[in-house]
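Written below as structure tokens is the structure these notes are about.
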């Protein structure tokens, strides 16, 4: 059983406050404080409608369960169904690790995509931005279960997203599924697990392969730092353990490109200042258990064996200065050949790219989205 609870549209000030809850990785990549994230983002498209979808007795792949799993979401636009009740204009957009749907409600992403005449014009499409399990206003460890919260993985997150869209929002079809970073990885899984659900797929800043190499290493550093910290107390701490600072420092390190970081931190003192400013700001809202779970969730991600199952046109976009998904590995170029209608794009390094954070700078890649949307509806 499940039920949906809609939250009335909020006032402008409250919506802006929500928009400031930017993703850890996105804010680390841009070097901007969350207070700058949503500036001007709402001016050119309607505010979102927010709601909670409640899933009763949700069972995780691990065998654990929750009597009620809450998935928070934001929608823009209106669903339009044909004579058979099939919605054809739904667009599902999935956020990155540590973020939420709110982290995409920013001028450089939503402002470039949802405004009138833009590729995902909210007057034309029904846009859905869920908060993943363990993120934003969806159920997460810091709600009270702490380290007793079920150990979720990416496949659990995709299942909850699917049930939100189909059971909660009553959309049995999507024009597009796309996502950034972790959401990009979810996009690959969507194409394999629900190959006939959508018309097109666009994973951003991700690779269609098991987490390994340096990508696994930085995650292990965060996981080990928190779990091995005596102050973590098995997840039952009363104040944030010092290891959370170490974890946030690692996020800052991997999230941007070396040129931007050098410009931001050209001296020893400036480097310390930039790092401390970012960490101190994130410490105001970050939670060690939430971050531990979010980073650990990638351990079941492995779309590689089933890439041939993806039926629809797919354009995968990475950037040449992404330290998490470095192009030198040639993994994307190799694996995309196994996707029947797949194409890979690597955005060249430039003064406008932001390393891994390029995934939220839509002006860099929205022409590829426009090309993808030329794919016929199914």
Residues of the range 312-335 being out of contact with any strand residue (DSSP E or B) (no Cβ under 8 Å at 6 or more places or on another chain), under 26 Å from residue 374 (Cα atoms) and buried (at least 17 other Cβ atoms within 10 Å of the Cβ), in sequence order, are 335
Kindly establish whether residue 15 is farther than 20 Å from residue 359 by Cα, buried (at least 19 other Cβ atoms within 10 Å of the Cβ) and at pLDDT below 95. yes
Six or more apart or on different chains, Cβ under 8 Å: which pairs go from a residue in the range 153-170 that's free of Cβ contacts under 8 Å to residues at least 40 places away in the same chain to one that's part of a helix (DSSP H, G or I)? Could you list them? 158/186; 158/189; 158/190; 158/193; 162/190; 162/193
Hey, residue 151 in contact with a helix residue (DSSP H, G or I) (Cβ under 8 Å, 6 or more places away or on another chain), assigned to a loop (DSSP other than H, G, I, E, B) and surrounded by fewer than 21 Cβ atoms within 10 Å (Cβ to Cβ) or not: yes
I'd like the residue in the range 349-365 that is assigned to a loop (DSSP other than H, G, I, E, B) and over 25 Å from residue 307 (Cβ atoms) and, out of all such residues, is nearest to the chain's Cα centre (by Cα). 361
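Filter the range 239-261 for residues that are more than 17 Å from residue 324 (Cβ to Cβ) and either within 23 Å of the chain's Cα centre (by Cα) or modelled with pLDDT under 95 (or both) and give the result.
If the condition is that a residue be more than 17 Å from residue 324 (Cβ to Cβ) and either within 23 Å of the chain's Cα centre (by Cα) or modelled with pLDDT under 95 (or both), then 244, 245, 246 are the ones that fit.
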Inside the range 197-228, can you point out the residues that are crowded, with 23+ Cβ neighbours inside 10 Å and either at pLDDT below 95 or in a loop (DSSP other than H, G, I, E, B) (or both)? 200, 205, 206, 207, 208
For the list (1) at pLDDT below 95; (2) within 23 Å of residue 365 (Cα to Cα); (3) surrounded by 19 or more Cβ atoms within 10 Å (Cβ to Cβ), I need the number of the one condition that residue 39 fails. (3)
Any idea how many residues of the range 181-196 are buried (at least 21 other Cβ atoms within 10 Å of the Cβ) and part of a loop (DSSP other than H, G, I, E, B)? 1
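The values are calculated or read from the model by the stated rules, or taken from the named source; none is laboratory data. Just so you know, these numbers come straight off a predicted model, no measurement behind them. In this analysis, Cβ positions are derived from the backbone assuming ideal geometry, glycine residues included, and neighbour counts consider all displayed protein chains.
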